[in-house]
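Below: the structure, in structure tokens.
Every read-out reported here was derived from the displayed coordinates using simple, explicitly stated rules and does not represent laboratory data. None of the values given here were measured: they were computed from a predicted structure. Glycine gets a Cβ as well: all are built from the backbone with ideal geometry, and neighbour counts include every protein chain shown.
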């Protein structure tokens with residue numbers, strides 16, 4: 001055991017945040033109290049994560065932390081050390097195409113103003129990763145932390161249903177002879 | 001406003017020492033779901049954020065003797081999906097599944113945070129009081145086990161500025177006890193207008209042997225009205241009993257809240273309605289053929 005630190009030695013003015021961000025290593029100094037949302041938008045310029053209410057009601061700032069959805073306005077950046085963070089920018093493959101879920105949202109017109117869309121898409125990612133064939137009721141429950149001020153919920157649910165169908169087709173692709 | 005500092009704690013011992021050292025300007029950071037809005041809106045100015053997320057003593061769910069021992073850092077979704085909790089304290093698993101704000105909040109919000117902020121509208125307290133849970137609380141140099149109803153106050157001071165809630169001990173329910181929970185709310189994610197958590201033991205002749213019922217979201221702290229319902233013991237379950245549960249519960253409310261979820265008279269009436277529904281749910285769960 002190392003020599004016990006004094007209390008003053010533990011106190012930090014700025015905190016070194018070391019994490020994974022959209023698949024890359026990230027090391028940045030952050031101010032204590034800064035939200036993960038402000039860190040992503042202001043320090044990392046990842047403005048796809050939207051700022052809505054800053055109270056945790058609206059879900060526009062939803063990100064994935066270790067694969068689970070979180071509201072980034074309710075996460076202190078300094079406490080995200082060691083986490084794997086994914087924002088909407090990290091969802092599409094580098095070739096510029098949209099991910100299956102994003103494409104489904106586009107094809108089902110799951111947007112009106114689009115402000116809630118990044119959060120809705122990331123919640124859909126989380127839902128379909130654990131429940132590839134959700135019922136409408138399960139989709140509604142999963143979306144209960146995301147508000148759409150245009151009230152376009154029906155088209156969002158249709159987009160998630162379409163994404164689920166397409167993902168299922170991708171995973172159930174017919175195999176060749178002899179199961180290869 | 002001066003800038004806050006940050007302390008990432010790695011042991012419970014050091015964390016309690018740090019809180020004693022810093023005094024009231026220190027703010028404990030766990031899941032952040034309660035804390036961050038007040039920081040975002042500059043309502044709260046902390047001198048130091050004491051991050052306790054790295055403390056192993058506050059993690060995990062296990063059986064210890066006749067108790068389920070739940071770490072204060074366990075998040076709502078972890079608890080609601082945990083097999084041990086679903087088996088031995090299903091009332092708690094269900095109550096936490098009703099925490100609003102969606103998966104996002106239930107992925108980050110901790111049971112410890114839900115308890116220590118002692119918010120009248122939150123879900124953990126009524127269920128834990130009904131279950132007669134105890135809290136393991138650590139202060140510098142001392143460790144205490146306290147029945148949860150002794151700790152609940154409406155002063156906004158929680159456990160005090162130098163204490164850390166370590167674990168929640170929930171007595172394992174016997175198979176003969178059935179549970180019901182009713183949260184009256186306007187939308188899926190909304191705060192409650194009235195909540196009731198109930199435990200009922202009913203025998204094969206449909207006579208009530210034991211009842212516990214706690215009301216939440218109606219007064220500034222949850223109200224345990226089990227004593228007011230003792231007149232039900234030995235009586236047969238039926239419509240008349242449900243009417244009794246509703247009227248006894250509504251009249252047991254002393255000082256109802258008035259807010260945007262309803263004025264005092266409405267809250268009192270809905271306390272009765274929620275109590276009746278939670279009680280009926282518990283009986284139905286015990287004897288699915290009735291109702």
_Overall form of chain A per C-alpha gyration tensor (a/c, 1.5; a/b vs b/c)_ = prolate
*How far apart, in nm, are the 7 Å Cα→Cβ label points at residue A:66 and residue B:87?*
2.4 nm
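Between residue A:168 and residue B:97, what's the calculated FRET efficiency when r is the beta-carbon distance and R0 is 22 Å? Round to 0.05. Display every interim value, and only then the final one.
Values: r = 27 Å, r/R0 = 1.22.
After rounding, the FRET efficiency stands at 0.25.
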_For a test of the definition: using alpha carbon positions, the gyration tensor, and the 1.5 limit on a/c, classify chain B as rounded, prolate or oblate._
prolate
*How would you classify the protein assembly as shown from its alpha-carbon gyration tensor, with a ≥ b ≥ c the square roots of the eigenvalues: rounded for a/c under 1.5, else prolate if a/b is greater than b/c, otherwise oblate?*
oblate
*Would you please state the base-10 log of I(q)/I(0) at q = 0.08, 0.17, 0.21, 0.22 1/Å for segment B:1-145, with intensities from the Debye formula using one equal scatterer on every alpha carbon?*
-0.23, -1.02, -1.41, -1.49
*Could you work out how far helix A:153-171 tilts from the main Cα principal axis of chain A, as a 0 to 90 degree angle to the nearest 10?*
80 degrees
_Can you compute the FRET efficiency between residue B:155 and residue A:135 using 1/(1 + (r/R0)^6), with r the Cβ-Cβ distance and R0 = 30 Å? Round to the nearest 0.05._
0.10
*Whole-number percent relative contact order across chain A, with pairs defined as alpha carbons under 8 Å at least 6 apart*: 21 percent
_Euclidean distance of C-alpha centroids, segment B:240-257 and segment B:69-94, integer Å_ = 29 Å
*With Cα atoms, 0 to 90° folded angle of helix B:264-286 axis to chain B main axis*: 70 degrees
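For the protein assembly as shown, what is the calculated [θ] at 222 nm in deg cm²/dmol (nearest 500), taking -39500 (n - 2.57) for each run of four or more DSSP H residues and dividing by its residue count?
Value at 222 nm, helices only: -9000 deg cm²/dmol.
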*Over the alpha-carbon set of segment A:100-171, work out the extent along each principal axis and list the three values in angstrom, largest first.*
33, 23, 17
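Rounded to the nearest 0.05, what FRET efficiency do residue A:45 and residue B:255 have when you use their Cβ-Cβ distance and R0 = 45 Å?
After rounding to 0.05, the efficiency reads 0.30.
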_Please report the spacing between the Cα centers of segment A:70-127 and segment B:156-210 in Å, no decimals._
36 Å
*With contacts defined as alpha carbon pairs under 8 Å and 6 or more residues apart, what's the relative contact order of chain B in percent?*
16 percent
*How crowded by other chains is A:65-74, given as the mean number of beta carbons from other chains within 10 Å of each beta carbon?*
6
